[in-house]
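In what follows, a single structure is set out as structure tokens and then discussed.
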Amino acid sequence: MTPPLVALESTVIAHGLPYPQNYETALQLEALIREEGAQPRTCGFVAGQPVAGLTPSQIEHFSRSDQVIKASLRDIAIVAARQLDAATTVATTMWIAHRVGIEVFVTGGLGGVHRGQDYDESADLIALATIPVLVVCAGAKAILDLPRTRERLETLGVPVLGYGVDEMPAFYTRSSGLPVDARCDSPQEVAAIWQAHRHLGRRTGMLVTVPVSPEHELPATMADEAINHALQAARRQGIRGKALTPFLLSTIAAHTGTASLQANLALLQNNARVGARIARAMQDMA
Ligand code: PSU
Ligand code: MN
């Protein structure tokens, strides 16, 4: 059997992490997925073409260049017609993955409803509502309004699974106080629920939320303090729209020293391994 495919996003590389950690991490995530017996496919748009499987030199370009824009669903047609290089968010990576038949996608954090700006809701939620791809992540980013984001997922009919946990993780920290719909303690349990979802004709995505390891978790007070500081800075500087998420993440990284970056890298690595194991369990079940 050929190893199953696992998609990865490129916005986290181009706009979520600093160089050179972004480049090193992107290659390392691919290596971890191979080690677990699956095949990584990092997604992006190159000269307007959707690509599932960027080459290492394309990944390097995405890591270093400031010409690579961030593309969500609304940007796809513009990127294609203008032949731009663009990094894919959770939403656009799901779109590319589904087009080429990849069912499992690994990332760090999901977009959602922003705090204090609940009219700013990530297209990641719409993608989850309409594209049948399983997304392995560490929950929605803690910078968001997590209770509202959780409610939106419920409204949109997107199942939220907890991998070894009963609560949805909060990205930098292991718990959010918000329940998952089901706890799964093995890749096989996740694969069984995904298979049922597809057999029943459900067309939404599904979330598998995996908490950051206890060693790499940020102390909750440090995370809250850094998030509040970043939110205030964004408000003062009038940062909005697609620039908001990258701004908040880099401001948090600057404020916590390396702790948030280490947590971010650790949870990505963890998710890559879990995603690859789930992809293998799905293949075994098929
Ligand atoms: N989580 C991270 N780093 C990131 C993102 C999430 O730790 O860079 C990106 C993902 O690509 C996600 C996007 O899909 O932020 C959401 O952006 P927006 O809120 O503008 O939809
Ligand atoms: Mn937004």
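The values are calculated or read from the model by the stated rules, or taken from the named source; none is laboratory data. From a predicted model like this one, the values you see are computed outputs, not experimental measurements. All Cβ positions, glycine included, derive from the backbone under ideal geometry; neighbour counts span all protein chains shown.
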Within segment 37-49, residues out of contact with any strand residue (DSSP E or B) (no Cβ under 7 Å at 6 or more places or on another chain) and either polar (S, T, N, Q) or crowded, with 21+ Cβ neighbours inside 10 Å (or both) come out as 49
Going residue by residue through segment 237-245, is there one that turns out to be within 16 Å of ligand 2 (Cβ to nearest atom), under 20 Å from residue 107 (Cα atoms), assigned to a helix (DSSP H, G or I) and free of Cβ contacts under 8 Å to residues at least 24 places away in the same chain? yes
I'd like the residue in segment 196-220 that is touching a helix residue (DSSP H, G or I) at 6+ places or on another chain (Cβ under 9 Å) and loosely packed, with under 15 Cβ neighbours inside 10 Å and, out of all such residues, is modelled with the lowest pLDDT. 219
Note: among 161, 178, 134, 144, just one is farther than 20 Å from residue 9 by Cβ and surrounded by 19 or more Cβ atoms within 10 Å (Cβ to Cβ), namely 178
Could you grab me the full set of residues in segment 12-49 that are among the charged types (D, E, K, R) and not in a helix (DSSP H, G or I)? 36, 41
Please enumerate the residues belonging to segment 95-120 that are outside any helix (DSSP H, G or I), within 13 Å of ligand 1 (Cβ to nearest atom) and either under 17 Å from residue 171 (Cα atoms) or modelled with pLDDT of 95 or more (or both). 105, 106, 107, 108, 109, 110, 111, 112, 113, 114, 115
Among the candidates 170, 192, 223, 233, single out the residue that is within 14 Å of ligand 1 (Cβ to nearest atom) and surrounded by fewer than 23 Cβ atoms within 10 Å (Cβ to Cβ). 223
Considering 97, 52, which residue is in contact with a Lys or Arg (Cβ under 6 Å, 6 or more places away or on another chain) and under 24 Å from residue 267 (Cβ atoms)? 52
Quick count over segment 236-252, residues being away from ligand 1 (no atom under 12 Å from the Cβ) and not polar (S, T, N, Q), is 2
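Each row is one residue, and each column tells you yes or no for (1) in a loop (DSSP other than H, G, I, E, B); (2) within 13 Å of ligand 1 (Cβ to nearest atom); (3) free of Cβ contacts under 8 Å to residues at least 24 places away in the same chain; (4) hydroxyl-bearing (Ser, Thr, Tyr).
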site: 124; (1), (2), (3), (4): no, yes, no, no
site: 132; (1), (2), (3), (4): yes, no, no, no
site: 135; (1), (2), (3), (4): no, yes, no, no
site: 142; (1), (2), (3), (4): yes, yes, no, no
site: 150; (1), (2), (3), (4): no, no, no, no
site: 153; (1), (2), (3), (4): no, no, no, no
site: 161; (1), (2), (3), (4): no, no, no, no
State yes or no: is residue 253 in contact (Cβ under 8 Å) with a residue 12 or more places away in the chain and not charged (D, E, K, R)? yes
Report the residue count in segment 50-84 for those that are part of a loop (DSSP other than H, G, I, E, B), surrounded by 14 or more Cβ atoms within 10 Å (Cβ to Cβ) and β-branched (Val, Ile, Thr). 1
